[in-house]
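The values are calculated or read from the model by the stated rules, or taken from the named source; none is laboratory data. Here the structure is a predicted model, which means the values were calculated and not measured. Because the Cβ atoms are built from the backbone with ideal geometry, glycine has one as well, and the counts that use them run over all protein chains shown.
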Amino acid sequence: MELTGEIAAVRDGQGDPARLVGEFRRAVLLAPLADGPGGGLMSAVQGGIRWFYAFTDEEALARFVQARGAGDQEWEYLAILGARLVDAVVPMVDGPAGVAVNVADENGSMFFPPVAGIVPDAYAVDVDHGDAA
């Protein structure tokens with residue numbers, strides 16, 4: 001099953017979280033590029049977590065662009081594996097980071113938070129890193 005199907009199954013209470021993460025890691029996602037200084041991938045910070053936006057196809061990205069009122073603009077994006085986002089991009093962030101997939105789709109979005117099993121353990125917020133407080 002493809003990622004959108006796994007998202008639907010999990011949201012319906014019928015999915016397997018491990019299969020969902022596997023499909024996420026194998027999926028080629030479209031990550032919009034940020035404008036302005038520094039460029040990079042478009043993201044937002046919510047609740048102390050940096051969320052990278054990613055979309056399963058151009059239609060999902062277009063819905064996001066429309067929701068932001070920028071439908072008349074052309075948006076550049078990077079095609080990237082979900083695994084590359086969490087294994088290579090997340091470790092480059094100063095602080096916790098995850099991936100928000102298809103955020104403009106009310107019933108088709110899914111968040112992949114910075115927890116063990118999704119991001120590398122060294123960057124997971126739910127792993128004891130042995131830091132003294």
Within the stretch 19-43, which residues are modelled with pLDDT under 95 and either among the β-branched types (V, I, T) or over 21 Å from E74 (Cβ atoms) (or both)? none
Inside the stretch 65-88, the number of residues satisfying the requirement of being out of contact with any Phe, Trp or Tyr (no Cβ under 6 Å at 6 or more places or on another chain), assigned to a helix (DSSP H, G or I) and modelled with pLDDT under 95 is 2
V103 vs (1) β-branched (V, I, T); (2) part of a loop (DSSP other than H, G, I, E, B); (3) over 21 Å from L3 (Cβ atoms): all pass except (3)
Is there any pair with a first residue in the stretch 17-28 that is farther than 13 Å from D87 by Cα and touching a residue at least 12 places away in the same chain (Cβ under 8 Å) and a second that is exposed (fewer than 13 other Cβ atoms within 10 Å of the Cβ) and hydrophobic (A, V, I, L, M, F, W, C) whose Cβ atoms are under 7 Å apart and which are 6 or more apart or on different chains, and what are they? V28/A79
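Quick check on my filter: what residues within the stretch 29-54 are touching a helix residue (DSSP H, G or I) at 6+ places or on another chain (Cβ under 8 Å) and of a type outside the set (S, T, Y)?
Passing the criteria: L29, L30, A31, P32, L41, F52, A54.
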